[in-house]
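A.B. asks: Sending over a structure as structure tokens; questions will come in a sec.
The values are calculated or read from the model by the stated rules, or taken from the named source; none is laboratory data. These numbers were taken from a predicted model, which means no experiment stands behind them. All Cβ positions, glycine included, derive from the backbone under ideal geometry; neighbour counts span all protein chains shown. Only protein heavy atoms, including side chains, enter the accessible area calculation; ligands, DNA and RNA are left aside. Shrake-Rupley method; radii C 1.70, N 1.55, O 1.52, S 1.80 Å.
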Amino acid sequence: MIAIHRLGDAKRLCAHLLRSRAVYAPQLVDGEARYARIEAAIDLPERALRPLFSPKQAFFAERETLYRFERGRFVTALPEVSAQALFGVAPCDLAAIAYQDRFFAADAHYRRRREATLIVAADCTRACDGGFCHVMQTGPDARPGIADLVLHREDGSWLLVVESEAGAAALHGLDLAGTDADAGEAGAVRARSAARVRAELVDAAPLARGLALARNHAVPDARWDAIGLQCVACTGCTTVCPTCSCFAPRDVPGPDGGGDLHRERVWDSCLLGGFAREASGHHPAPSPGQRVQRFFDHKLAAEYVSPEGISGCVGCGRCDVVCPGSIGMRAVLARVGTP
Amino acid sequence: MTDARSLTPLAATLVDRYDDGEDARHFSFQLHEPGAAAAPAPGQFFMLTVPGHGEAAFTYVKLPDAHGRFDALVRRVGTLTAALFELEQGAVVGVRGPFGRGLPAIDRGRVLIVAGGCGLAPLSPAVEVLRHSLEARALVVYGARSRASQVLSRERAAWRSALPVIEVFDHEPGVPRATPVDALDQAYAALAGAPDHALICGPDVMMHATAAALLARGLPQERLWLSVERRMHCGVGLCGHCYLGAGYVCVQGPTYRYDELLRELGRHPSRPEALTAIHHC
């Protein structure tokens, strides 16, 4: 942490950022919450919007060109990204960004987008419906050291925590004279708020029991097989998951049909039957039970927890919203945590 | 030199090919810029792009020479390999790599090499090293379905001048059916003792049966290496397709020391399918 200010109005910060970069924020678009580019400054609502899609695709694009094959040559295609900001990122999504930053640390396409992006997180000061960040330890206040700036709402006013040099640089030109806040006091405000939100969230105990078992591969295979029966391989969970990172290659022919093409990568899902099947027909995970086990392992097991203590599941609850088989993460944690 | 993690291939030309076993063909490729790729180790793999038909993983049968020419053995099993078999000499393909962990650099002591089917391909560069070593005594046990399905005929002919090659068959008329495990007595006798190291590659059942037989004869797990195949796409541990245990075969493998492989596979010991590790070429 570099500094803390009593910002007053978050809209003021948004307007300032809009002068130097494109700004994306959770917005209601056709009645649906999603990250969208804003043209005019906005305030953040007391109860944050919960976009069904996290800002994952700002860095790991759902579909993007890796290279072009033109006249017998392979030419790398990196995205052109100008300065941008994500404004109002929820703590769970923020933890997911940290998790993906580590995973994609050497991926040129991801880095190109990520390095052009300023992240302004916002502590959740009201409980959301169905999230379990308190179980996964990703919220309700933003984990330190990930965002550039963190906003905290208190009684209609905003605290601004400056967490990175890039965050400090982005504030140049914004009049913050005389707004310095006491770090200890601000920390106490955030801690009190987080405790209040935790108390409003779903009961952590059964989920924590499930998590403890899944962490250590102590869930019986038969349990996963039963859960697998409810998986229809729709890939909804992996699509909305803010940490899912699997992709598949796809060749797109050029318009002239002369052999030129470009190679894309597109999001893929480990829950699809063909995901791991080899050309020989051999399949290392032929049953749905094995595939859901792999999915939940990857999200929960100890060997996938990042050095910062972030799991592949950040407790956002999106998979529970989309799963037609009622085997989203929260449902599964509760189920395996119940003897 | 390009970034080893690059997702963009280097251009190469298909310069030669010949049939080498049932539905299998030996290909030679020539990189357009020989210095642009890192030098692979035996047992590593590369990603081959057939423009318009996708990309798949293959192993080096012959490592690139000073001019960037290298060989691969390919069995026709899917759409990409079918397209590759149709390519004319001179066609441009894409090559990324080398990727993964290669075989251990063993050039001394008694070394037992056991291959099944196309599993001979990734072991081939290692045999090349061993047959030129004055301090190694190597022996190859090669199991195949039949004589017609055997691969790497020219390589095996060359090896025979320097080391014993024991060949066994599943279904060869007039020849008693035998697996590589059945040939171990003969192999130990020809090596004049127990091997110091063993390298294995082949279908899952064969690899694990051979490993079990070698362990029973006293070879420690730490001296036993398997080459494992999974569905590799990106080659750099990102796309997720080749997961095995907590890692990815394209990075942690395809070569595994047996104790390390068991540790990865052992996370779900009650899954009978978990103990599968098939190699195809």
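A.B. asks: Tally time: how many residues in the range A:91-110 are more than 16 Å from the chain's Cα centre (by Cα) and assigned to a helix (DSSP H, G or I)?
C.D. replies: So the count comes out to 2.
A.B. asks: Only residues that are of a type in the set (A, V, I, L, M, F, W, C) and either in a helix (DSSP H, G or I) or surrounded by 23 or more Cβ atoms within 10 Å (Cβ to Cβ) (or both): list them for the range A:286-309, please.
C.D. replies: Of everything in the range A:286-309, those that are of a type in the set (A, V, I, L, M, F, W, C) and either in a helix (DSSP H, G or I) or surrounded by 23 or more Cβ atoms within 10 Å (Cβ to Cβ) (or both) turn out to be A:292, A:295, A:296, A:300, A:302.
A.B. asks: Condition (residue is touching a helix residue (DSSP H, G or I) at 6+ places or on another chain (Cβ under 6 Å), under 30 Å from residue A:301 (Cβ atoms) and crowded, with 20+ Cβ neighbours inside 10 Å) applied to the range A:74-85: is it met by at least one residue?
C.D. replies: At the first step, the residues of the range A:74-85 found to be touching a helix residue (DSSP H, G or I) at 6+ places or on another chain (Cβ under 6 Å) are A:78-79, A:81, A:85.
Adding the requirement that they be under 30 Å from residue A:301 (Cβ atoms) leaves none.
No, the conditions are met nowhere in the range A:74-85.
A.B. asks: Looking only at strands (runs of 3 or more DSSP E) that fall completely inside the range B:69-137, which ones have 2 or more residues that are within 14 Å of chain A (Cβ to nearest Cβ)?
C.D. replies: Output list reads B:69-75, B:92-99.
A.B. asks: Restricting to the range A:44-63, give me the number of residues that are over 17 Å from residue A:123 (Cβ atoms), among the charged types (D, E, K, R) and surrounded by 17 or more Cβ atoms within 10 Å (Cβ to Cβ).
C.D. replies: Qualifying residue count, the range A:44-63: 1.
A.B. asks: Identify the residue in the range A:264-285 that is more than 13 Å from residue B:231 (Cβ to Cβ) and free of Cβ contacts under 8 Å to residues at least 60 places away in the same chain and, among all such residues, is surrounded by the fewest Cβ atoms within 10 Å (Cβ to Cβ). Walk me through it before giving the result.
C.D. replies: Keep residues of the range A:264-285 that are more than 13 Å from residue B:231 (Cβ to Cβ), which gives A:264-267, A:269, A:271.
Then keep just the ones that are free of Cβ contacts under 8 Å to residues at least 60 places away in the same chain; that gives A:269, A:271.
On the way: A:269: 21, A:271: 23.
Here the answer is A:269.
A.B. asks: For the range A:273-295, enumerate the residues that are more than 9 Å from every other protein chain (Cβ to nearest Cβ) and touching a Lys or Arg at 6+ places or on another chain (Cβ under 8 Å).
C.D. replies: A:273
A.B. asks: Also, I was wondering about something else. Pairs needed: first member in the range B:6-26, within 14 Å of chain A (Cβ to nearest Cβ); second member anywhere, of a type in the set (Asp, Glu) and surrounded by fewer than 21 Cβ atoms within 10 Å (Cβ to Cβ); C-beta distance under 7 Å; at least 6 residues apart or different chains.
C.D. replies: B:10/B:33
A.B. asks: While we're looking at this one, here's another question. Just the residues that are open to solvent by less than 10 Å² (accessible area, probe 1.4 Å) and within 16 Å of residue B:224 (Cα to Cα), please, taken from the range B:83-115.
C.D. replies: B:111, B:112, B:113, B:114, B:115
A.B. asks: Right, here's the next one. Restricting attention to the range B:247-258, does a residue exist that is assigned to a helix (DSSP H, G or I), surrounded by fewer than 24 Cβ atoms within 10 Å (Cβ to Cβ) and away from chain A (no Cβ under 14 Å)?
C.D. replies: yes
A.B. asks: Scan the range B:176-197 and report the pairs whose first residue is closer than 18 Å to residue B:106 by Cα and whose second residue is basic (Lys, Arg), with Cβ atoms within less than 7 Å and a gap of 6+ or a chain change.
C.D. replies: Filtered contacts from the range B:176-197: B:191/B:110; B:191/B:137; B:193/B:110; B:194/B:217; B:195/B:110; B:196/B:110; B:196/B:223; B:197/B:223.
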